[in-house]
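Novice: Have a look at this one.
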Amino acid sequence: MTEAFRSLGRGSFYMDGPMFSNYRFLVTCHPKNLEYILKTNFSNFPKGESFKEIFDALGVGIFNVDSDTWRLRRKLAHAGFRLGEFKAQVANTSRKVVEEQLVPFLAHVAEEGFSIDLQDVFSRYAYDINMGMVFGRYENYLYIGLPSNEMAEITDAAQRALLFRNVVPLFVWKLQRLFKIGKERVIMKAQKMVDENYDNSSNFASLAGKYNYLKDEMLNLFLAGRDTIKSALTWFFWLISTTPYVEAKILEELYSVVSLTKRTHEWPWVFPSDDLKGLVYLHAALSESLRLYPPLPINRKSVVKKGVLPDGSVVTPGMEKLLSFYSVGRMPWVWGEDCLEFKPERWITENGKLIDPTSRFVPFNIGARSCLGRDAAFTQMKSVVAAVLFNFHVEVVKGHHVCPQQGTTLYMKNGLQVNIKKRTA
């Protein structure tokens, strides 16, 4: 999509769907179109029936519903995310998993001297932290022995299967589901396993009879939190490894926090979340990484009424729209000729303040469906980045090839193979 936008020199184009699908797509990355669709004229562009059918495994959770049902779920979720108790739980859970699992594991790797797949490590971190947040229990999936976890593996496979639904005619995957074969069999297995985990969760199982939607809501929140954090952290550390000056500036900022709080340079050191709130450069670096590699690269919407988008593109009922969040961060006419550079400074004003995101910055969506977990995500990411960079130097294995993997979430196809070294003062 990005190559098409660049070659055409504009932010939108039309595309036919898979053979026999009868789909017609408008693909766009134009910031004004995104703002119009996601914010200004939000009610005319719902997820639509085709989205709900393809992602029916998400049930009636907040990410798969529209209209009044969505508004109610959004209101309830928003109230929960704003609670001081929830914010404290996010910070405490992040620190717990970082301090008790992530840092000891990386220290072991550094001591033994073998390479690891950092994407797998962050997948395990994100799994454990979100199991703690949503289901109220910890699996120790990041234990030194790197135990296997069937639920984590099957949910990954199920998401790849859901992508398959997007690129084949409807009847293909429906036949697979009817006969319980192929990728549909994977989705069914994942759904069964999620049901079992939900039933075994002492925190919520007793409420299932009264609030039937809770299981779907929990699954939506778990997957959203786990997959996005895994993706964001993996791409961030790869960018850091290729841009040494950014790593040096983040470390300088972290050392200033340690000296200001007059703490000794113990090793390993895990930062309290309160110490990380005012770190401008760290926040800017994470924002810049998300601009280039948004965890959710594409958003899909339908059309209720015929309309004209700000760039002149015409949309009609029955047409599907693909919003390329990945592409919008890579357009020189949006970000300048240096748009492909990892440059945290673009998020900092001359007087050292953070620049507020605009409609050009879409990793957390914009408008009515903007991500409620944005602050929680930054808390979790900062906790990891600070602890890892302060205690270790991460170096990508020479010759390791990095490329994106197509999916509902932006992963690395070959993982991120790295060497971990203990950092000296």
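The values are calculated or read from the model by the stated rules, or taken from the named source; none is laboratory data. A quick note: this is a predicted structure, and the numbers were derived from the prediction, not measured. Note: ideal-geometry Cβ built from the backbone for every residue, glycine included; neighbour counts use all protein chains shown. Note: areas computed on protein heavy atoms with side chains; ligands, DNA, RNA excluded. Shrake-Rupley method; radii C 1.70, N 1.55, O 1.52, S 1.80 Å.
Novice: Inside the range 310-331, can you point out the residues that are within 18 Å of VAL167 (Cβ to Cβ) and free of Cβ contacts under 8 Å to residues at least 24 places away in the same chain?
Specialist: None; the set is empty.
Novice: Specify which of the listed residues (PHE114, PHE122) is surrounded by fewer than 17 Cβ atoms within 10 Å (Cβ to Cβ), at pLDDT 85 or above and of a type in the set (A, V, I, L, M, F, W, C).
Specialist: PHE114
Novice: List the residue pairs whose Cβ atoms are under 8 Å apart, where the first residue sits in the range 155-169 and is closer than 20 Å to TYR127 by Cα and without any contact (Cβ under 8 Å) to a residue 60 or more places away in the chain, the second is part of a helix (DSSP H, G or I) and among the hydrophobic types (A, V, I, L, M, F, W, C), and the two are 6 or more positions apart or on different chains.
Specialist: Sorted first by the residue in the range 155-169, then by its partner, the pairs are ALA157/VAL186; ALA157/ALA190; ALA161/VAL186; ALA161/ILE187.
Novice: State all residues of the range 274-306 that are at pLDDT 95 or above and of a type in the set (Gly, Ala, Ser); if no residue qualifies, say none.
Specialist: Result: ALA284, ALA285, SER287, SER289.
Novice: If I filter the range 305-353 down to residues being within 26 Å of the chain's Cα centre (by Cα) and among the acidic types (Asp, Glu), which single residue comes out as surrounded by the most Cβ atoms within 10 Å (Cβ to Cβ)? Steps first, answer last, please.
Specialist: Of the range 305-353, the ones within 26 Å of the chain's Cα centre (by Cα) are 320-336, 338-348, 353.
Now restrict to residues that are among the acidic types (Asp, Glu): 320, 338, 341, 345.
Working: GLU320: 21, ASP338: 10, GLU341: 13, GLU345: 12.
It comes out as GLU320.
Novice: Grab the helices (runs of 4 or more DSSP H) fully contained in the range 4-86, keeping just those with 1 or more residues being under 23 Å from PHE361 (Cβ atoms).
Specialist: 31-35, 67-82
Novice: Here's something else I'd like to know. In this structure, is PHE179 at pLDDT below 85 and among the aromatic types (Phe, Trp, Tyr)? Before you say what the answer is, go through the steps one by one.
Specialist: Working: at pLDDT below 85: no; among the aromatic types (Phe, Trp, Tyr): yes.
Criteria not met by PHE179.
Novice: Just to verify a result, which residue in the range 125-156, among those that are farther than 18 Å from PHE222 by Cβ and aliphatic (A, V, I, L, M), is most open to solvent (accessible area, probe 1.4 Å)?
Specialist: ILE144
Novice: Also: Looking only at the range 80-109, which residues are of a type in the set (A, V, I, L, M, F, W, C), out of contact with any helix residue (DSSP H, G or I) (no Cβ under 8 Å at 6 or more places or on another chain) and modelled with pLDDT of 80 or more?
Specialist: Once the filter is applied, which keeps residues that are of a type in the set (A, V, I, L, M, F, W, C), out of contact with any helix residue (DSSP H, G or I) (no Cβ under 8 Å at 6 or more places or on another chain) and modelled with pLDDT of 80 or more, the range 80-109 yields ALA88, VAL109.
Novice: Which one of these is out of contact with any Pro (no Cβ under 6 Å at 6 or more places or on another chain) and either aromatic (Phe, Trp, Tyr) or more than 30 Å from LYS215 (Cβ to Cβ) (or both): VAL27, VAL60? Don't jump to the end; show me each part of the working.
Specialist: Details: VAL60 fails: either aromatic (Phe, Trp, Tyr) or more than 30 Å from LYS215 (Cβ to Cβ) (or both).
Checking each option against the conditions leaves just VAL27.
Novice: Does at least one position in the range 167-177 carry a residue that is out of contact with any Leu (no Cβ under 9 Å at 6 or more places or on another chain), of a type outside the set (Lys, Arg) and closer than 22 Å to LEU410 by Cβ?
Specialist: Going residue by residue through the range 167-177, those that are out of contact with any Leu (no Cβ under 9 Å at 6 or more places or on another chain) are 167-177.
Applying the additional criterion that residues be of a type outside the set (Lys, Arg) yields 167-173, 175-176.
With closer than 22 Å to LEU410 by Cβ added as a condition, the list becomes 167-168.
Yes, there is a match, as at least one residue in the range 167-177 is out of contact with any Leu (no Cβ under 9 Å at 6 or more places or on another chain), of a type outside the set (Lys, Arg) and closer than 22 Å to LEU410 by Cβ.
Novice: Filter the range 19-69 down to residues that are at positive phi and open to solvent by 30 Å² or more (accessible area, probe 1.4 Å) and give me whichever is nearest to the chain's Cα centre (by Cα).
Specialist: Restricting to residues being at positive phi and open to solvent by 30 Å² or more (accessible area, probe 1.4 Å), the top hit is SER67.
Novice: Next question, about the same structure. Do you know which residues across the range 344-390 are over 16 Å from ALA285 (Cα atoms) and among the small types (Gly, Ala, Ser)?
Specialist: Matches in the range 344-390: SER359, GLY367, ALA368, SER370, GLY373, ALA376.
Novice: Counting only residues that are among the hydrophobic types (A, V, I, L, M, F, W, C), free of Cβ contacts under 8 Å to residues at least 60 places away in the same chain and under 16 Å from LEU416 (Cα atoms), how many does the range 117-145 have?
Specialist: Total satisfying the criteria: 1.
Novice: Suppose the filter is in contact with a strand residue (DSSP E or B) (Cβ under 9 Å, 6 or more places away or on another chain) and either open to solvent by 40 Å² or more (accessible area, probe 1.4 Å) or among the hydroxyl-bearing types (Ser, Thr, Tyr) (or both); does GLY415 pass it? I'd like the intermediate steps shown before the answer.
Specialist: Numbers: in contact with a strand residue (DSSP E or B) (Cβ under 9 Å, 6 or more places away or on another chain): yes; either open to solvent by 40 Å² or more (accessible area, probe 1.4 Å) or among the hydroxyl-bearing types (Ser, Thr, Tyr) (or both): no.
Against the criterion (in contact with a strand residue (DSSP E or B) (Cβ under 9 Å, 6 or more places away or on another chain) and either open to solvent by 40 Å² or more (accessible area, probe 1.4 Å) or among the hydroxyl-bearing types (Ser, Thr, Tyr) (or both)), GLY415 does not qualify.
Novice: Quick check: is even one residue across the range 79-92 under 20 Å from the mean Cα position of the chain (by Cα), of a type outside the set (Asp, Glu), more than 24 Å from GLY307 (Cα to Cα) and open to solvent by less than 20 Å² (accessible area, probe 1.4 Å)?
Specialist: Checking the range 79-92: at least one residue is under 20 Å from the mean Cα position of the chain (by Cα), of a type outside the set (Asp, Glu), more than 24 Å from GLY307 (Cα to Cα) and open to solvent by less than 20 Å² (accessible area, probe 1.4 Å).
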